[in-house]
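So the structure is just underneath, and the comments pick up after that.
Every number in this text was worked out from the coordinates using simple rules, so none of it is lab data. Given the structure is predicted, the values throughout are model-derived calculations rather than measurements. Every residue, glycine among them, receives a Cβ derived from its backbone with ideal geometry; neighbour counts consider all protein chains shown.
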Amino acid sequence: MRASTFNVQVPLPDRREVFLMNTFSDAQLIVSKDVASLLDRLADDNPRGLAFDNEEQDALAQLTEHGFIVEDRETERRSLNRFFTDLREDTSLLRVTVLTTLQCNFACDYCFQGDHGDYNKFAQKMSLETAEQVAHWIATRLDTLEPERFSLTFFGGEPLLNLPVMYALAERTWELCRQRNVEMLTNIITNGLLLTPEIVDRLAPYGLNGVKITLDGDRDTHDRMRPLRGGQGTFDRIIDNIRRVADRCQVSIGGNFDASSVDSYPALLDFLAEQEFARSLVKVSFKPIVQTTPAPSQSLIPLTPVSDSGKPLNGTCMTSAGAGGSPCDTCHFVDEKMSFLREETKLRGFPTGDGVHMGPCEIHRRHAYTLGPDGSLHACPGFTGEPSLATGHIGAGGGAAHENAAARFDALAAWKSCGDCSFVPVCAGGCSVASHSELGDMNAPACHKQSLESALVSLAHEAASGA
Ligand code: SF4
Ligand code: SF4
C-alpha cells in the first residue's frame with residue numbers, strides 16, 4: 001500500500017488540523033496532523049518496517065476507503081488511464097455546441113472570431129437547410145449512442161443573430177429527444193444585447209436551461225471593451241435585458257479580463273450585487289482574454305496566429321475549464337488575478353467555480369461535438385477558427401485531412417507529460433488550444449498549477465469554516 005499520487009494537503013494552523021483532498025476520488029477530509037502524517041509515511045510503494053497501532057489502523061482503513069491510500073503506483077496509474085478512456089468513450093451524455101453564425105454585432109478588439117476589418121459582417125451563417133442536416137445528424141448520434149441526456153448549446157459569433165436556426169434546431173431536437181425518451185437541456189452563450197423575454201419564452205418549452213451573458217468589467221470598462229460597431233456602449237442595454245429575463249430563465253455572467261480591465265471587476269460585482277436580479281444569478285465567473293500577437297505589453301496571453309489564412313485560433317471556451325483559471329493563460333499574473341476575482345465574487349455571495357474542479361474539459365470527450373455554421377465538426381469551441389483541424393463534416397466523410405485531424409485529437413493526452421502531478425484528474429494537462437497556439441504542440445501541458453494550488457487553499461478554508 002502507498003499514499004495516492006493525487007493527495008493534496010492544506011495545513012489549517014488555527015485548528016491544528018490538515019485539509020486533505022484526493023483529486024481522483026474527490027474525497028475531502030479534515031484530519032489531525034497525526035493522520036496526515038500517516039500518509040507521509042506511506043509515500044513509497046511497499047514501505048518496509050512500518051508498524052501501526054490499532055488507532056492508526058482504523059485511520060488507514062478510512063483513508064483507504066476514501067482513496068487516499070492505494071495498492072501501488074502501477075495500479076493507480078492503470079485506474080487513471082481507465083478513467084480517461086471511460087471519459088472519452090462515455091455515451092451517457094451527447095453534447096453538441098452549434099455555432100449558428102460567426103457574425104457579430106459587437107466590435108470587441110480582443111475577439112478571436114472577429115475579422116477586424118469588417119467585424120465578420122460577411123462571415124458564415126448557418127442556413128435552415130444546414131440546420132435540418134444538423135438535426136438529421138443529431139438523430140443518428142442519438143440512435144447510435146443512446147444517451148440518457150442531450151445538451152444543445154448555441155454559440156457564435158453572436159448566436160441570437162440567427163434566431164430562425166436556433167428555433168428550428170431547438171424544436172427539431174426536442175422532438176427527437178422526446179421520441180427517444182432522452183432528457184434535453186438547451187443553453188445559450190450570448191453577448192446579451194438582443195436577448196428578450198420573447199426569445200426566452202420561445203425556447204422555454206424546448207429545455208432552455210440557462211443563458212450565459214458576458215460583461216467585461218464595470219459600465220465604462222465594458223463599454224470600452226465591448227462597443228457596438230459604431231462605438232456606442234452596450235452595458236446599460238444588456239443590464240436591462242438581464243432584468244427582463246432574470247425571472248424566466250437561469251442567467252449566468254461571464255467576463256473576459258485583461259490587465260487594463262481587471263481592476264474594474266470589483267465595481268462590476270458591487271453593481272450586480274445591488275440589482276434586484278442578483279440573487280437569481282446562478283453563476284458569476286471571469287476568465288482572462290487570450291490575446292493575438294503581437295501582444296501589447298500589458299496583454300496577458302499572447303497567442304500566435306496559426307491557421308493557413310493567418311487568422312488566429314478562437315480563444316473562446318465556455319466550459320468550466322476554459323472559463324476558469326487553469327487553462328488558456330500563461331503567466332503568474334493571470335493566476336493571481338483569477339484567484340483575486342474568484343475571492344471578490346465569493347465575497348459578494350455569488351455562486352462561482354471553486355477553481356479546483358476545472359476539468360477535464362470537453363476536448364477529452366469524444367461525444368462532445370462543436371459544429372460550425374457550415375456543418376463542419378470540431379474537437380472543441382477553441383479550435384473552430386482553424387479549418388485544417390476540423391475533424392469531419394455532418395454530411396460527407398471528410399477525407400484524409402479530417403481523419404488525420406480526428407486521429408490527433410483521439411490521441412490527445414497532455415497529462416501523460418505531467419508526471420506525478422497531483423492535479424492530473426482535475427486538470428488533464430490544461431487547455432489544448434493554448435498548448436497548440438503557444439507551444440506549437442497540443443499534446444504539451446499548458447500548466448497553471450499555481451492557480452490550482454491557490455484555489456485549493458481557498459477550498460480548504462471554506463471546508464474548515466463549514467465543518
Ligand atoms: S481545449 Fe481549451 S478551449 Fe477547448 S474545451 Fe478545453 S479548455 Fe476549452
Ligand atoms: S498542466 Fe500542470 S497542473 Fe495541470 S496536470 Fe499538468 S503539471 Fe499538473
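A compact table of results
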| item | result |
| --- | --- |
| At least 15 Å along the helix axis (C-alpha) and Kyte average at least -1.0, DSSP helices within the chain | 128-145, 163-180, 235-245, 332-347, 399-410, 449-466 |
| Packing-based exposure ordering (other Cβ within 10 Å, fewest first) of 167, 265 | 167, 265 |
| Cα-based Rg and Dmax for the stretch 182-300, where Dmax is the largest Cα-Cα distance (Å) | 15.2, 50 |
| For the chain, share of DSSP beta bridges that run antiparallel, in % to the nearest 5 | 35 percent |
| Highest-first arrangement of 195-204, 417-426, where packing means the average Cβ count within 10 Å | 417-426, 195-204 |
| Computed over the chain: relative contact order in percent, which uses C-alpha pairs under 8 Å that are six or more apart | 15 percent |
| Proximal charge balance of residue 169 [Cβ under 13 Å; K/R count +1, D/E count -1] | -2 |
| Cα-only radius of gyration and Dmax that characterise the chain, units Å | 23.1, 75 |
| The stretch 180-200 versus the stretch 7-39: alpha-carbon centroid distance in Å | 42 Å |
| Rh (Kirkwood; distinct C-alpha pairs) - the stretch 2-71, Å | 12.2 Å |
